[in-house]
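Worksheet: one structure, shown below.
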């Protein structure tokens with residue numbers, strides 16, 4: 001299972017005064033089971049990029065292959081692709097429309113052509129997966145709290161059991177606990193089902209903590225692509241592009257600047273702690 | 001897919017038409033509409049066409065932007081054209097079975113179609129070169145005296161500018177919701193009319209919810225900044241006429257005079 005982007009370029013409103021090149025010659029390979037984070041400042045092309053992955057936007061030039069098949073082929077089943085590559089948009093709670101939460105979650109599976117019984121099973125599983133309290137199953141989605149609405153909306157995508165799950169800033173607008181819960185949930189889904197997860201985020205701490213690979217977008221191009229350690233070693237380049245590195249990485253850089261022989265590029269609290277303990281044991285913390 | 005709508009959409013460019021005071025453009029559009037319906041002779045339409053082409057060239061707006069509005073009324077044009085063509089009594093010039101085309105019918109059909117096309121192109125020229133804010137400012141200023149008759153001019157202008165401002169927002173919102181539902185496997189294209197109408201529910205419900213939410217947010221934000229209606233409200237950029245506007249008024253009046261003279265002759 002893989003998605004390959006081959007020199008994809010996308011231009012909004014081509015040929016008018018509003019012309020914007022949102023993607024510029026992007027080539028990427030997204031493999032099975034990866035947990036990928038996409039970062040970039042506002043307007044860098046993140047959202048445009050992910051909308052190509054399930055064929056919602058058609059590239060102006062270039063090709064996209066899903067499991068080796070060209071998704072722009074005439075006989076390619078785009079609707080099928082959209083249910084295999086699940087997409088949770090920013091503020092997904094704005095897409096709720098049914099009379100009850102349960103019916104809303106069933107919308108996706110029903111569109112896949114599943115029977116009512118199967119759709120009910122899927123909805124039940126998806127709602128349990130996101131820890132949605134069962135007493136609210138039959139409530140109107142419009143009466144829920146923000147966090148619960150978000151869970152219901154994510155369940156609506158999960159219920160289609162996609163192989164690839166794309167989440168566009170899923171934690172935006174949630175309180176710290178809601179954010180933690182949601183990210184833990186996403187990590188658990190990645191570990192348990194080994195599905196590919198693509199997380200678009202503005203929080204450097206979150207991507208450093210959760211993902212295995214980071215893609216940095218800048219001005220429609222892929223600027224960096226690698227593990228959190230390699231990506232976050234480019235501190236100045238990231239800052240020039242309106243981004244940052246995790247707080248702990250700044251701390252470790254600061255220690256290095258004061259002459260402490262720090263090794264590697266710690267990006268999470270855990271790895272920073274280990275490095276500091278190692279230095280402490282080696283007696284290297286005294287300058 | 002919804003980005004194509006140009007109604008009430010401003011096309012940024014640097015032209016004389018863009019720089020004109022909105023009141024001049026409103027006045028010009030009003031005169032233009034009146035003239036369109038007064039004119040009936042080919043020579044008048046020739047003058048109107050020349051004026052329209054000149055203004056289009058001055059505006060620096062691509063011609064395709066003006067004709068986009070036409071696609072919506074193609075059916076109306078065809079029906080109006082056919083009815084005028086075949087149903088008007090007069091001297092027959094062409095007969096085929098029960099269908100007869102008369103000289104007056106031909107003339108009426110041509111006049112009707114030209115009027116409607118020119119109406120759309122001419123008025124969209126105004127909205128393409130004037131921002132919604134300028135437009136409502138102009139309307140409010142021109143209709144200021146009506147408030148003495150109890151007409152809430154400022155409120156109407158404000159409602160209009162908010163409504164115009166919301167068009168692109170709602171278009172974008174619709175696009176977003178459509179995409180979100182398409183990502184959940186929604187299909188808006190296939191099936192009969194009932195199936196397709198039903199498929200709109202997942203778009204319309206969230207759209208209405210968000211429209212109400214936005215409206216209430218906006219009302220709150222306006223009150224938080226002490227908005228209390230038009231009484232005693234001043235403008236950051238009050239409208240003032242320049243020499244260019246005076247020339248434009250003159251040109252419009254000359255245009256009107258020419259058409260009246262031609263109509264009387």
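Pop a pseudo-label 7 angstrom from the Cα along the beta-carbon direction at both residue B:117 and residue B:224 and give the gap in nm to one decimal.
A separation of 5.1 nm, rounded to one decimal place.
Between A:145, A:44, A:233, which gets the highest mean-square fluctuation from a Gaussian network model of chain A, Cα cutoff 10 Å?
Checking each option, the largest mean-square fluctuation is seen for A:145.
Quick check: pseudo-label points 7 Å beyond the Cα along Cα→Cβ at residue A:140 and residue B:78, how many nm apart are they?
4.3
How big is the equivalent ellipsoid of chain B along its three axes, where each semi-axis is √(5λ) from the Cα gyration tensor, reported in whole Å from largest to smallest?
Equivalent ellipsoid of chain B: 37, 32, 16 Å, largest first.
Note down the relative contact order for segment A:1-121 as a percent, whole number, built from C-alpha pairs under 8 angstrom at least six residues apart. Present the calculation step by step, with values, prior to reporting the outcome.
Numbers: 145 pairs, mean separation 28.5, N = 121.
Averaging sequence separation for qualifying contacts and normalising by length gives 24 percent for segment A:1-121.
With equal scatterers on the alpha carbons only and no solvent term, can you work out the Debye log10 of I(q)/I(0) for segment A:121-246 at 0.11, 0.12, 0.14, 0.22 1/Å?
-0.44, -0.52, -0.68, -1.30
Where both residues lie in segment A:154-267, what percent of DSSP beta bridges are antiparallel, nearest 5?
The answer is about 50 percent antiparallel.
Please work out the C-alpha center-to-center distance from segment B:170-220 to segment A:95-110 and express it in whole Å.
14
Counting each pair of different Cα atoms once, what's the Kirkwood radius of segment A:25-84 in Å, rounded to one decimal?
For segment A:25-84, the Kirkwood estimate is 12.8 Å.
Checking the a/c ratio against 1.5 first, then a/b against b/c, what shape does the Cα gyration tensor give for segment A:161-200?
oblate
Of the candidates A:199, A:269, A:167, which one comes out as most mobile in a Gaussian network treatment of chain A with C-alpha springs shorter than 10 Å?
A:269
If you fit an axis through the alpha-carbon atoms of helix A:176-193 and take the longest principal axis of the Cα set of chain A, what angle between them do you get, 0 to 90°, nearest 10?
Between the helix axis and the principal axis of chain A, the angle is about 80 degrees.
Between B:66, B:146, B:236, where does the largest GNM mean-square fluctuation fall for chain B, given springs only between Cα atoms within less than 10 Å?
Among B:66, B:146, B:236, the largest mean-square fluctuation in the Gaussian network model of chain B belongs to B:236.
At a Förster distance of 45 Å, what's the computed FRET efficiency of residue A:128 paired with residue B:142, Cβ-Cβ distance as r, to 0.05?
0.10
Going by how many other beta carbons lie within 10 Å of each one, how would you line up A:101, A:200, fewest first?
Going from sparsest to densest Cβ surroundings: A:200, A:101.
For segment A:205-287, what is the Kirkwood estimate of the hydrodynamic radius, computed as the reciprocal of the mean inverse distance between distinct Cα atoms, to one decimal in Å?
13.5
Which percent, to the nearest 5, of DSSP beta bridges fully inside chain A are antiparallel?
Within chain A, antiparallel bridges account for around 55 percent of the total.
Taking every pair of Cα atoms in chain A, average 1/r, invert it to obtain the Kirkwood radius, and report Rg/Rh to two decimals.
My calculation of the ratio gives 1.02.
Starting from the exponent 0.38 and prefactor 2.2 Å, build the expected Rg for segment B:17-175 from its residue count and divide its actual Cα Rg by it.
Details: Rg = 19.5 Å, N = 159, 2.2 N^0.38 = 15.1 Å.
For segment B:17-175, the normalised Cα radius of gyration comes out at 1.29.
With viscosity set to 1.306 mPa s and temperature to 10 °C, compute the Stokes-Einstein D of segment A:49-198, Rh being the Kirkwood radius across alpha carbon pairs; µm²/s, no decimals.
100
Need one number: % antiparallel among DSSP beta bridges in the protein assembly as shown, to the nearest 5.
60
Under 8 Å for C-alpha pairs, at least 6 residues apart: give me the relative contact order for chain B, rounded to a whole percent.
Relative CO of chain B lands at 28 percent.
Normalised by the residues of chain A, what does the relative contact order come to in percent, with Cα pairs under 8 Å and at least six apart?
Relative contact order, chain A: 21 percent.
Once the convex hull of the alpha carbons of segment A:116-193 is built, what does its volume come to per residue, in cubic angstrom?
Hull volume normalised by residue count: 98 Å³.
May I ask for the percentage of alpha-carbon pairs in segment A:1-50 that lie more than 15 Å from each other?
Above the 15 Å cut-off, segment A:1-50 has 55 percent of its Cα pairs.
When a footprinting reagent is the concern and you count Cβ atoms within 10 Å, what order do B:127, A:230 take, fewest first?
Details: B:127 20, A:230 14.
Ranking B:127, A:230 by Cβ neighbours within 10 Å, fewest first, gives A:230, B:127.
Kirkwood Rh over Cα pairs of segment B:12-76 into Stokes-Einstein at 10 °C, 1.306 mPa s: D in µm²/s? Let's see the in-between values first.
Working: Rh = 13.5 Å.
Diffusion coefficient, whole number: 118 µm²/s.
How long are the three semi-axes of the equivalent ellipsoid of segment A:47-138, in whole Å, if each is the root of 5 times an eigenvalue of the C-alpha gyration tensor, listed from largest down?
Computed over segment A:47-138, the values are 30, 15, 10 Å.
At what distance in nm do the modelled label points of residue A:230 and residue A:286 sit from each other, each positioned 7 Å from its Cα along Cα→Cβ?
Reported label-point gap for residue A:230 and residue A:286 is 4.0 nm.
By per-residue mean of other Cβ atoms within 10 Å, what is the highest-first order of A:252-262, B:12-22, B:179-189?
Descending mean neighbour count gives B:179-189, B:12-22, A:252-262.
With r defined as the distance between the Cβ atoms of residue A:237 and residue B:53 and R0 fixed at 60 Å, what FRET efficiency is calculated, to the nearest 0.05? If you can, show how the numbers build up before the last one.
Values: r = 53 Å, r/R0 = 0.89.
Rounded to the nearest 0.05, the efficiency is 0.65.
At 0.36 nm per residue, and after removing the present C-alpha to C-alpha distance, how many nm does the segment from residue B:107 to residue B:133 gain when stretched out fully?
Numbers: separation 26, 0.36 × 26 = 9.36 nm, distance 4.02 nm.
Here the answer is 5.3 nm.
Can you give the angle from 0 to 90° between the axis of helix A:116-129 and the longest principal axis of chain A, with both taken from C-alpha atoms, to the nearest 10?
20
Please compute, for peptide B:181-193, the average count of beta-carbon atoms on other protein chains lying within 10 Å of each residue's beta-carbon. Numbers along the way, then the final one.
Details: counts 6, 8, 19, 19, 13, 6, 2, 0, 1, 1, 0, 0, 0.
Partner-chain Cβ atoms within 10 Å, mean over residues of B:181-193: 6.
Which of rounded, prolate, oblate describes segment B:107-265, given a ≥ b ≥ c as roots of the alpha-carbon gyration tensor eigenvalues and a/c under 1.5 marking rounded, otherwise prolate only if a/b is larger than b/c?
Oblate, because a/c is 1.5 or more while a/b does not exceed b/c.
Calculated FRET efficiency, residue A:274 and residue A:31, Cβ-Cβ r, R0 30 Å, to nearest 0.05?
That pair, residue A:274 with residue A:31, gives E of 0.60.
Based on the alpha carbons, how large is the Rg to Rh ratio for the protein assembly as shown when Rh follows Kirkwood? Intermediate results must be reported in sequence, preceding the final value.
Details: Rg = 30.4 Å, Rh = 28.3 Å.
Using Cα coordinates only, the ratio equals 1.08.
Tell me, how many Å apart are the Cα centres for segment B:42-74 and for segment A:242-287?
For segment B:42-74 versus segment A:242-287, the Cα centre distance is 68 Å.
Round to the nearest 10 and give me the degree value, 0 to 90, for the angle of helix A:269-281's Cα axis relative to the longest principal axis of chain A.
20
Using only atoms on other chains, find how many Cβ atoms lie within 10 Å of each Cβ of peptide A:91-104 and report the average. Don't jump to the answer; show the numbers that get you there.
Numbers: counts 3, 3, 2, 9, 15, 5, 11, 3, 1, 0, 0, 0, 0, 2.
Averaged over the peptide's residues, the number is 4.
Any read-out appearing in this document is the output of simple, stated calculations on the displayed coordinates, not a laboratory observation. Note that the structure is a prediction, hence the values are computed from the model and not measured. Note that each Cβ is placed from the backbone with ideal geometry, even for glycine, and that neighbours are counted across all protein chains shown.
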